[in-house]
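> Let me give you the structure first, and then I'll get to my questions.
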Amino acid sequence: MAVYSNNPIPMTKPDYQPYQNSEDMKFICIGRNYAEHAKELGNEVPDEPVIFIKPKSALLQTNSPFYYPEFTNELHYECEVVLRISKNGKYLQERTASKYYDAISVGIDFTARDIQAELKKKGLPWEKAKAWDNSAVLGKWAPIPANFDKNNVQFSMKKNGELVQTGHTKDMIHNFDKIIAHVSNYFSLNIGDVIFTGTPAGVGECVVGDELEGFLGNDSMFKLTIQ
Ligand code: MG
């Protein structure tokens with residue numbers, strides 16, 4: 001399957017650091033942004049973006065090991081395109097939203113699916129399932145090129161060398177600009193914040209020893225082994 005054949009982002013050898021987050025930052029995460037993924041978890045496709053936040057303590061630091069959390073028995077990966085916010089803003093318009101991010105990558109929104117299922121059943125917030133320490137993995141950043149086509153970004157993830165998720169931003173229900181405009185009505189966007197733009201279908205379980213590798217186009221952006 002030629003899923004890596006079209007690299008939409010002309011990336012040369014990266015000359016940027018993998019993690020350039022501000023001292024103070026947050027992750028703004030979008031749920032159910034791909035219809036096929038909403039269906040696979042038995043969720044309705046929402047009219048407006050589903051939003052949740054991970055705090056800075058959720059960031060898995062560069063080169064730190066990822067340990068399987070003791071509080072879950074069903075750890076799921078969700079590979080997603082991530083955007084790095086480069087300008088402070090609030091109440092943004094879609095037409096100017098693209099000026100507010102300067103780099104793109106892929107990351108993992110790790111999820112304790114068993115806990116999330118319990119919380120959803122009770123109608124409770126998702127933080128215990130989503131916002132725990134090291135639950136946010138970021139790949140190295142690629143600068144947004146001048147001719148960037150936000151609707152033509154292909155990404156994928158392999159587990160133990162096997163392709164498990166592929167996505168294309170043209171399949172997003174809410175594109176980058178819509179997401180940014182919408183979330184900025186509720187949360188100030190600050191330099192260094194990161195947006196997780198939602199996962200495509202193919203989420204699944206992972207166990208100790210699994211190796212996860214995320215790709216933007218053809219480029220490997222992160223690789224980690226669950227310990
Ligand atoms: Mg997610």
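> Going through SER64, SER86, SER57, SER105 one at a time, which residue ends up being closer than 25 Å to THR225 by Cβ, in contact with an Asp or Glu (Cβ under 6 Å, 6 or more places away or on another chain) and of a type in the set (Gly, Ala, Ser)?
SER57
> May I pose another question? Consider SER105 carefully, then state whether it is over 25 Å from VAL45 (Cβ atoms), part of a strand (DSSP E or B) and among the polar types (S, T, N, Q). Lay out the reasoning, then the answer.
On the way: over 25 Å from VAL45 (Cβ atoms): yes; part of a strand (DSSP E or B): yes; among the polar types (S, T, N, Q): yes.
In short, yes.
> Which members of the range 113-143 meet the condition of being touching a Ser or Thr at 6+ places or on another chain (Cβ under 8 Å), buried (at least 16 other Cβ atoms within 10 Å of the Cβ) and in a loop (DSSP other than H, G, I, E, B)?
Within the range 113-143, ASN134, SER135, GLY139, LYS140, TRP141 meet the criteria.
Listed here are the residues, each with its yes/no results for (1) part of a loop (DSSP other than H, G, I, E, B); (2) surrounded by 11 or more Cβ atoms within 10 Å (Cβ to Cβ); (3) modelled with pLDDT of 70 or more; (4) within 17 Å of the chain's Cα centre (by Cα).
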{"residue": "ASN6", "(1), (2), (3), (4)": "yes, yes, no, no"}
{"residue": "PRO18", "(1), (2), (3), (4)": "yes, yes, no, yes"}
{"residue": "CYS29", "(1), (2), (3), (4)": "no, yes, yes, yes"}
{"residue": "HIS37", "(1), (2), (3), (4)": "no, yes, yes, yes"}
{"residue": "ASN43", "(1), (2), (3), (4)": "yes, yes, yes, no"}
{"residue": "ASP47", "(1), (2), (3), (4)": "yes, no, yes, no"}
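> Of the residues that make up the range 146-155, is at least one surrounded by 16 or more Cβ atoms within 10 Å (Cβ to Cβ), of a type in the set (Phe, Trp, Tyr) and part of a helix (DSSP H, G or I)?
No, because not a single residue in the range 146-155 is surrounded by 16 or more Cβ atoms within 10 Å (Cβ to Cβ), of a type in the set (Phe, Trp, Tyr) and part of a helix (DSSP H, G or I).
The values are calculated or read from the model by the stated rules, or taken from the named source; none is laboratory data. Because the structure is a prediction, the values reported are computed rather than measured. With ideal geometry, Cβ positions are generated from the backbone for all residues, glycine too; neighbour counts draw on all protein chains shown.
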